[in-house]
Amino acid sequence: MKMTTVIRATLAVSAMAVVATSCNYDNSTPGYTYMDDMYTSPSLEAYSAADEDILKNGMSAQKPVEGTIPRGYHPYEVPNTNEGYAWSKQHSDVVPAGFAAMDPAEGKELYTIFCAHCHGDKGDGNGILVQNEKILGVPGYGSSRLPDITPASAYHVVMYGKGVMGSHASQINYDERWKIIRYVWSLRAEQDGTPDIGESVQVEEEEAPAEEAEATHEETEEHA
Amino acid sequence: MFRGHLCVKFANRSTESYHLRSLMKNLYRFHIRLIPLMLSIFAMGFAANAQSIEGDAAAGEKLFKTYCASCHKLDSKAIGPALGGVTDRRETDWLYSWIKNNATFRASGNSDAIAIFEEYNGSVMPQFEYLSDEEIGNILAYTANPPAKPIVVSDGPVVAGGEADNSGMQMWAMIILGAIFLVLVFILATVRNTLRVVKGEEPITVVEDASNYAKFLRKNTGFMTVLTIVVAVAFLNVTYWYLMDVGVEGGKGIEASYMPPHPEPGQEAQYGEQPIAFSHKLHAGENQIDCNYCHSSARHSKTSGIPSANVCMNCHMYVNGSEITDEAGNPKYGGERSPEIQKIYDAVGWDADKLAYIEGYEEKPIRWVRIHNLPDLAYFNHAQHVTAGQVECQTCHGPVEEMEVMYQYSSLTMGWCINCHRETEVKVNTNGYYEPQHDKLVEKYHGENITVEKIGGLECGKCHY
């Protein structure tokens, strides 16, 4: 009689111990799922792991075959050299027609996302990273610091980077690059205290004969 | 006590350095006043040297950071050579000519100028003709004699882990209380047995006690029934919430919450460890980099995009973590590169000493641990929410800018999705692209709130197909 009580007590205590220690939240694993077939895709999703024997490094996101171009791709063939940069300052072939007539405000949001943390909200080269002394020597857009830049050379810098600035071509697409550069040009005018290039375009259009003005307008739409 | 002691120590040090600095400043002013005197005393040969070294180093520091620091550091090579003590290595006139217009200087056939240009692979230094002689003198004075950095005393809370330790403390308190309880039971039983012995009765062991209670319970069937029902309901309740939680990997959507709780304020989430100790708090919080800068495909694509390492390199070509300081203001990594940032360099093959990509390097992709994982049975599109819907990232992902370690903030259950679609109003005024459709909606539901539900946000086929 006495023996069975002891066994019972031991059993009860060990059962309690099992219950107490089984409450283990392992936060590093996702845990169980119902009907796993509906949770995990049999086809490869973005970033899903793949078989290392089939895909290099077991990554589903492989580099496209060399020479592949994405839809809406605009070639930029100026080389990433000092000569290429100098060339871009003298030639404006890459600048889309109607650049000056674009609305600078369209690029403001994009500028805030991609440029403002270094170049500053006002384009004075005093963004938050400069204030925090993470990246120093960031130029403002005013003519005193950057006397000879052109929209085409700015595009060159966005594509390839310059100095400590890296290439932003992978993050911003063609249209967005020009929207940003257009906004940068309005900031440059603001820094210099000169009128925005858009204003002179409007004046020209008013002065030009009606037919020509229409032609410019059509051209703008085509490129937009 | 200890912290108070520390503060006093810091305060002493800071006043000390303050005295030192003001002394230095006074010396400086005295020096500057001396310059014209010196110039008149010493003949012309000395003039050029005196001009360069006697500049205002404090003003020079500001100029250096504005114009030079993007390519030059004082103590190490960057895009251009290290400039600390450059006045010892080059003639002052040479430096002035180089800084003002290095292109014409090189064209004039100066062999040193051409040599340094070629040593740095023909990186073109901009011309600084707009800097005055005095400004250049200040910059050179700074490179020759940079003012010592004042020791930073942080007033903020030093111990962030204090609250984190609490949970451990609580567990120990529970164990100690339990032990005290057991000792009390033992003492009471002993006292009762002693009393029984005094009264001339048999002492009762704990086991006999327990069987007595069991007998009492067995007699009271009514009480037993109620007890059984209560226990059964509690058990079913726990089971129900446990089953509801299966497949839910985060969030606080389910009230009973048998899931990893959100970290308390000041406590760090201990979730899956990432290959690089990346801190969203540092990047998106302190340095205020927009979410869309790194996750740039969220605006255009179904997935938000884990940034590829070239996006990291946009900043980390320059920022290598050597500037990070601890709470006392001393360099955290002893002025060396952060080992975490070195992991990016190892992944992409960046030679941080030569500041160039290693040719033919086999890149080693970084295997980030996935935190958010929506089941395949549901369709979700980031661009639809971020660009068209203009939903803030934080609405679903929570205060990412405060997260040292990323965790899943929302439960990502269907109930959670549906609830948001019922409550969120469509932004009819701020989205020009959809204006015609929005105008029609406003006309149709005049006055009523136009929620996502009203534009089909609850249709099964929107997410399941």
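The values are calculated or read from the model by the stated rules, or taken from the named source; none is laboratory data. Fair warning: this is a prediction, and the values are worked out from it, not measured in the lab. Quick reminder, even Gly has a Cβ in these numbers, built from the backbone with ideal geometry, and neighbours come from all protein chains shown.
For region B:121-136, a residue qualifies if it is away from every other protein chain (no Cβ under 12 Å) and within 40 Å of the chain's Cα centre (by Cα), and the qualifying residues are B:E135, B:I136. The set of residues in region B:378-411 being touching a Ser or Thr at 6+ places or on another chain (Cβ under 6 Å) and either without any contact (Cβ under 8 Å) to a residue 40 or more places away in the chain or within 17 Å of B:E286 (Cα to Cα) (or both) consists of B:C396, B:E404.
Of the set (1) among the basic types (K, R); (2) within 19 Å of A:P151 (Cβ to Cβ); (3) under 22 Å from the mean Cα position of the chain (by Cα), all apply to A:K89 but (3). Could you list, in sequence order, all residues of region B:406-460 that are surrounded by 15 or more Cβ atoms within 10 Å (Cβ to Cβ) and among the polar types (S, T, N, Q)? B:Q408, B:S410, B:S411, B:T413, B:T424, B:N431, B:T451, listed by residue number.
Close Cβ contacts (under 6 Å, 6 or more residues apart or on different chains) running from residues in region B:312-330 that are at pLDDT below 90 to residues that are part of a helix (DSSP H, G or I) comprise B:N320/B:I341; B:G321/B:I341.
Inspect all residues belonging to region A:67-83 and state whether any of them is facing chain B (nearest Cβ under 9 Å) and touching a strand residue (DSSP E or B) at 6+ places or on another chain (Cβ under 7 Å). Looking through region A:67-83, none of the residues is facing chain B (nearest Cβ under 9 Å) and touching a strand residue (DSSP E or B) at 6+ places or on another chain (Cβ under 7 Å). Residue-level check: of (1) in contact (Cβ under 8 Å) with a residue 12 or more places away in the chain; (2) closer than 30 Å to B:V386 by Cβ; (3) aliphatic (A, V, I, L, M), A:I69 misses just (1).
Candidates B:R192, B:R196, B:R218: the one that is in contact with a Pro (Cβ under 6 Å, 6 or more places away or on another chain) and either of a type in the set (G, A, S) or modelled with pLDDT of 80 or more (or both) is B:R196. Within region A:133-184, if we keep just the residues that are closer than 17 Å to A:P96 by Cβ and within 12 Å of another protein chain (Cβ to nearest Cβ), the residue that is surrounded by the most Cβ atoms within 10 Å (Cβ to Cβ) turns out to be A:V158. When A:N82, A:N126, A:N57 are screened for being under 21 Å from the mean Cα position of the chain (by Cα), more than 30 Å from B:Y465 (Cα to Cα) and polar (S, T, N, Q), only A:N126 passes.
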